[in-house]
Amino acid sequence: MQHTETLSVHAGRTAFRALGVHAPPLDFSTTYPIHDLDGATASLDAFVQGHLVPEEPIYARLFNPTVARFEEGIAQLEGASASVAFGSGMAALTACLLATRPNGTHVVAVRPLYGSSDHLLGSSLLGMSVTFTNPEGVCEALRPDTALVVIETPANPTVSLVDIADIVVQAGSVPVLVDATFATPILLRPIDFGATFVLHSATKFIGGHGDVMAGVVSTSDFWAEKLRQVRIMTGVLLHPMGAYLLHRGLPTLPIRVERAQASAQILAARLHTHDSVKAVFYPGLPDGDPKGLIGRQMKGPGSILSFEVPDHEAAARVLKRVRLITPAVSLGSTDTLIQHPAGLTHRVVSEEGKTAGHISEGLLRLSVGLEQVEDLWADIEQALATP
Ligand SMILES: *Cc1c(COP(=O)(O)O)cnc(C)c1O
C-alpha cells in the first residue's frame, strides 16, 4: 500500500487521466438530460436502492460526480469500501441513526461526545432511546433492540482515547460508529480496528480552512447503500462546491495535521507546568494515554488539547485577552482557535453528562493551528498572566 502522504495527494483522482484534467471538475448541474427513458428509469431504480450509476445521473439529489470523487478519496484514506458525504457532521450522524433504525430503536453511546451529538442522541427527535455509558460499560448496556454503538476518539473536549477494538468486542454483532473527527484519517483508521462506520465532521480538519460545512461516513458497501438511501430520501446533501474544496485540501492534510500536532505537543508541555493552569488534557502528555493507544491505535496525539484554569471568570478572561488566537468554536482550521466547552459547544449537554465528561467551568479547549509555535505561546502566556 502507498504511504499516507502519497495517497492523500492522489486519492479520488484516478479518473483524471482518462478525463484529461488536472484539477477536480466541478459540476453544478441540478438535473441531467435524459435521452433514453427506459435507461433512465433503470438508473433511477438502482439509485433508490443506494447504488451508484455515474453514467446516468438524472438529478443532483441522486448523484453528483464532484461529490463522488471526494467520497472516493476519503474511502481510500480510510481503507473503507465506500464513503458517503453529507451537508454537515450532524447530518452524517443523523443518517447513520436513521440507516440503522430498522435493526432496533436503542443506541449505546460512550461519553464524552461532541455536545450536539450528545444532544441529538439524548433527545427523542429520531424516535430512539439511548443509554449513555463509559468505555467499560458497553457490553452491559446492550439490549436485544440495540442498533448502534456510538463512540468518539479522541473524545470532545477532554481528548480522552477510547480503545476501538475493545468496544467492537463488547458490541458483538452490533455495528460500532467511531466519530474520529479529532484524529483525521491521517492519524487513525477505525475500520482497521473493526469499526463499521467512521464519521468525520469534515467541517473541521478535512476542510481545514474554516470555510466548508460537511460530514462524511466511511463504511462497507452494504451500509453505504443504506446511507445513500437515507441521503436521497431526506436530502441531507453535500453541495458540490463544498466537495470540491474538501477534495482540494486532501493533499495537504498530512502536513497540516503533523505541523499542528508538533506545536500542540510543545504547548501542552508548557501549559502543564504553568502556574495558572490546574490540569492539561492531551494524550501526548506522560499521563494522557493510560491505555497506551498511541502507536497501537493512533499514529499521534493530534492537535486538540484542553486545559483547566481555576474558574469561569479566569476562563472568560483568557478568551477576552487572546489577540493572535481566535476565540471561536469549531476546530481543525489553519488558525488556532480557543473556546469554552461548558458555555458553548457542550452547553446543551446535561449536568450529569458534563460531570461525566469533566466539562468544568474552568475548562478551555484549544485547537492548535499552523502559526509559528512561539507566537502562539507568547499569546497564551500574556492571556494567562495574573490580572
Ligand atoms: C463539529 C463536530 C461534529 C458536528 O459536525 P458539524 O459539521 O458541525 O455538523 C461532530 N462530531 C465532532 C467530534 C465534532 O467536532
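All of the numbers you see were taken from the coordinates with simple rules; none came from a lab. Every value quoted in this text rests on a predicted model; they were computed, and no experiment measured them. As a convention, Cβ positions derive from the backbone with ideal geometry for all residues, glycine included, and neighbour counts pool all protein chains shown.
When every alpha-carbon pair in the range 253-384 is counted, what percent end up more than 24 Å apart?
More than 24 Å apart: 25 percent of the Cα pairs in the range 253-384.
Which one, Pro154, Pro135, Pro102, has the greatest fluctuation when you compute a Gaussian network model over the chain with C-alpha springs under 10 angstrom?
The residue that fluctuates most here is Pro102.
What percentage of all Cα-Cα pairs in the range 33-136 are separated by more than 16 Å?
Cα-Cα pairs of the range 33-136 separated by over 16 Å account for 69 percent.
If you keep only loop residues by DSSP, which chymotrypsin sites (Phe, Trp or Tyr not before Pro) in the range 10-61 have at most 14 other Cβ atoms within 10 Å of their Cβ?
Filter output for the range 10-61: Phe28.
Please tell me which of these pairs span more than 26 angstrom C-alpha to C-alpha: Lys291/Lys354; Lys204/Lys299; Lys278/Lys299; Lys204/Lys354; Lys204/Lys320; Lys299/Lys320?
Those over the limit are Lys278/Lys299; Lys299/Lys320.
Based on the alpha-carbon set only, what is the convex hull volume of the range 242-304 divided per residue, in Å³?
112
Quick one: of the DSSP bridges fully inside the chain, what percent are antiparallel, nearest 5?
50
Rounded to the nearest 20 Debye, what is the dipole magnitude of the range 253-384 about its Cα centre when Lys and Arg each give +1 and Asp and Glu each give -1 at the C-beta?
So the dipole magnitude of the range 253-384 works out to roughly 320 debye.
Which value at 222 nm does the chain reach when only helices count, each DSSP H run of 4 or more adding -39,500 (n - 2.57), with the total divided by all residues and rounded to the nearest 500 deg cm²/dmol?
-11000 deg cm²/dmol
Run the Debye formula on the Cα coordinates of the range 171-288, all scatterers equal and no solvent, and tell me log10 I(q)/I(0) at q = 0.21 1/Å.
Evaluating at q = 0.21 Å⁻¹ gives log10 I(q)/I(0) of -1.22.
Using a Gaussian network for the chain with springs between C-alpha atoms less than 10 Å apart, which of these wobbles most: Ala92, Ala214, Ala356?
Greatest mean-square fluctuation among the candidates belongs to Ala356.
Could you tell me the relative contact order of the chain? Use alpha-carbon pairs under 8 Å, at least six residues apart, and round to a whole percent.
Relative contact order comes out at 18 percent.
Return an integer: the convex hull volume of the alpha-carbon atoms of the chain, in Å³ per residue.
Hull volume over Cα atoms, normalised by residue count, gives 134 Å³.
What number comes out for the charge environment of Trp377, summing +1 per Lys or Arg and -1 per Asp or Glu over other residues with Cβ under 12 Å away?
Taking every Cβ under 12 Å from that of Trp377, the sum is -4.
How many angstrom lie between the C-alpha centres of the range 347-387 and the range 156-190?
23
For every other residue with a beta carbon closer than 11 angstrom to the beta carbon of Ala109, add +1 if it is Lys or Arg and -1 if Asp or Glu, then tell me the sum.
-2
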